[in-house]
Amino acid sequence: MIYFDQILLDTPTLLVRYSSRYQLVEAQWRGRFDAALAQQQCEQLLALLPATQPVYRMINDSSEAFGEWAEAGDWIGGVLAPALAARGVRAVAWINAMDWPSREAVASSVSLAQVLPIKTFEFDETDAALTWVLSIAA
């Protein structure tokens, strides 16, 4: 179990927490998303990272996200992933959604992210996601 010492953002659709001990940020996506909202929330997440340095690891939990936001996949893979890497993030464990349209969006986003190791896990594999991301050297 991870202790998060800071809540960086808490909105109805996104909770972002930080663990200084593990240099880990966790983003929990909740509720219905479309491409515009997904990109807007990702931009908010990016804006938080410089203030919480160092962040070497990330858990991106989409298990409670639903909706059709696949149009944001190009932006997430081509802009967000490089921006995370530029801010020091070395690996992302992405917990997949239960919702099929969101699962397709996750798959398209991950396939486009070339500069950052992103590994997907099923929504019931939270412990495995945490173990994997913590195995990445800080």
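Of the beta bridges DSSP finds with both residues in the chain, what % are antiparallel, to the nearest 5?
Numbers: 10 of 27 bridges.
Here the share of antiparallel DSSP bridges comes out near 35 percent.
Gain in length, residue 7 to residue 131, computed as 0.36 nm per residue apart minus the alpha-carbon separation, to one decimal in nm?
Result for the pair: 42.5 nm of gain on full extension.
How large is the helix-only mean residue ellipticity at 222 nm for the chain, computed as the sum of -39500 (n - 2.57) over DSSP H runs with n ≥ 4, divided by its residue count, in deg cm²/dmol to the nearest 500?
Computed mean residue ellipticity for the chain: -9000 deg cm²/dmol.
Using Cα pairs closer than 8 Å and at least 6 residues apart in sequence, work out the relative contact order for segment 6-134, in percent.
In percent, rounded to a whole number, it is 23.
Can you tell me the 0 to 90 degree angle between the C-alpha axis of helix 100-112 and the longest principal axis of the chain, rounded to 10?
Tilt relative to the chain: about 60 degrees.
Just to check, using Stokes-Einstein with a Kirkwood Rh over alpha carbon pairs, what's the diffusion coefficient of segment 43-85 at 25 °C and 0.890 mPa s in µm²/s?
206 µm²/s
Can you tell me the mean projection area, over all orientations, of the convex hull of the chain's alpha carbons? Units nm², please.
Mean projected area for the chain: 6.9 nm², to one decimal.
Order these peptides, 58-66, 122-130, 85-93, by their mean beta-carbon neighbour count within 10 angstrom, highest first.
Details: 58-66: 23.0, 122-130: 15.3, 85-93: 19.3.
The packing order, highest mean first, is 58-66, 85-93, 122-130.
Where a number appears in this text, it was derived from the coordinates with a stated rule and is not lab data. Predicted, not measured: the structure shown is a model, and the values here were computed from it. With ideal geometry, Cβ positions are generated from the backbone for all residues, glycine too; neighbour counts draw on all protein chains shown.
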